[in-house]
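Some notes on the structure that comes next.
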Amino acid sequence: MFRKLARIVNVTAWIVVVVAIAAAGAVYVSIDVLRSKVTAEVDIPPGTSVAAMGEILTKARVIQTPHVFSLWARLSGAEGALKAGFYEFPAGMTLREVAEKIERGEVKSFPFTIIEGWTITDIAHALGEQPFLAGTDVVDRFLVLSRDSTFVASLGITGATSLEGYLFPDTY
């Protein structure tokens, strides 16, 4: 009876070890081996939880499983450091590379050039033509704030009622 019980415990222990090794191997493959097959642009809104980030990335086909993304973020200590933003992920990235990019906050940039001589209205018109601002109220907010003397003063610009002449020609 004792031998039979010892054998059952021994077999059970081996099964647990094999399952644990298989699970660890599956997690490793998901984190460091599997690579995305598509290039994708993903918007991660501020306040998005790690689980929701995993779902967003999975839906965009950047990663294959949101649960492993959440697990990796927690185990690596990146959970609280993942940053919101608009990201571009080229094909061929591993889950680890995706998570590290989000942790570093390597968001996609959208250069915008202000030409010398442009007025606030010219700048607003050029902003309105930017595809990355389509469907937003950025242009309206820009016009309101650039002509708001209280806002202008909060920037440390004294004696001005608008930002006219203070938005220098450059690429931002």
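Out of every Cα pair in segment 59-172, what percent are spaced more than 17 Å from each other?
Working: 4355 of 6441 pairs.
Of the Cα pairs, 68 percent sit more than 17 Å apart.
How high is the relative contact order of the chain, in percent, with contacts defined as C-alpha pairs under 8 Å that are six or more residues apart? Please list the in-between numbers first.
Values: 200 pairs, mean separation 31.8, N = 172.
The normalised contact order for the chain reaches 18 percent.
Scan the chain and report its longest stretch carrying no trypsin sites (Lys or Arg not before Pro) that are both in a DSSP loop and have at most 13 other Cβ atoms within 10 Å.
Working: sites that count: LYS37, LYS108.
Answer from the scan: 38-107.
Enumerate the helices in the chain for which the Kyte-Doolittle hydropathy averages -1.0 or more and the C-alpha atoms extend at least 30 Å along the helix's axis, using complete DSSP H runs. Intermediate results must be reported in sequence, preceding the final value.
On the way: long enough: 2-28 (39 Å, 1.57).
Helices meeting the criterion: 2-28.
For ALA91, what is the net charge nearby, where nearby means another residue's Cβ is under 13 Å from its Cβ and Lys, Arg count +1, Asp, Glu -1? Let's see the in-between values first.
Details: positive: ARG35, LYS37, ARG61; negative: GLU41, GLU88, GLU97.
With Lys, Arg at +1 and Asp, Glu at -1, the neighbours total 0.
Give, in nm to one decimal, the length gained when the segment between PHE151 and GLU79 is fully stretched (0.36 nm per residue of separation minus the Cα-Cα distance). List each step's numbers first, then the result.
Values: separation 72, 0.36 × 72 = 25.92 nm, distance 3.52 nm.
Once the chain is fully extended between PHE151 and GLU79, it gains 22.4 nm.
List the chymotrypsin sites (Phe, Trp or Tyr not before Pro) in segment 51-117 that DSSP assigns to loop (not H, G, I, E or B) and whose Cβ has at most 13 other Cβ atoms within 10 Å. Which are they?
Answer by residue number: there is no such site.
Probe radius 1.4 Å, ligands and nucleic acids ignored: give me the carbon and sulfur share of the accessible area of segment 123-163 as a rounded percent. Working shown, then result.
Details: 1490 of 2600 Å².
Within segment 123-163, the accessible surface is 57 percent carbon and sulfur.
Taking GluC sites (Glu not before Pro) that fall in a DSSP loop and have at most 10 other Cβ atoms within 10 Å as cut points, what is the longest piece of the chain between them? Walk me through the numbers before you get to the answer.
Working: sites that count: GLU116, GLU129.
Result, exposed sites excluded: 1-115.
Among VAL152, LEU133, ALA40, which residue has its Cα furthest toward the positive end of the charge dipole of segment 34-172, with +1 on Lys/Arg Cβ and -1 on Asp/Glu Cβ?
Projecting each Cα onto the dipole axis, the largest value belongs to ALA40.
So the label point goes 7 Å from the Cα of THR58 along Cα→C-beta, right? Which residues of segment 82-122 then have their backbone N under 17 Å from it?
95-96, 98-99
Under a point spin-label approximation (7 Å from Cα along Cα-to-Cβ), what is the ASP43-PHE86 distance to one decimal in nm?
Here the answer is 0.8 nm between the modelled labels.
So what is the relative contact order for segment 82-157, in percent, with contacts set as C-alpha pairs under 8 Å and at least six apart? Intermediate results must be reported in sequence, preceding the final value.
Values: 39 pairs, mean separation 17.2, N = 76.
Averaging sequence separation for qualifying contacts and normalising by length gives 23 percent for segment 82-157.
The values are calculated or read from the model by the stated rules, or taken from the named source; none is laboratory data. Since the model is a prediction, treat every value here as computed from it, not as a measurement. Backbone-built Cβ (ideal geometry, glycine too); neighbour counts: all protein chains shown. Heavy atoms of the whole protein, side chains included, go into the accessibility calculation; ligands, DNA and RNA do not. Shrake-Rupley method; radii C 1.70, N 1.55, O 1.52, S 1.80 Å.
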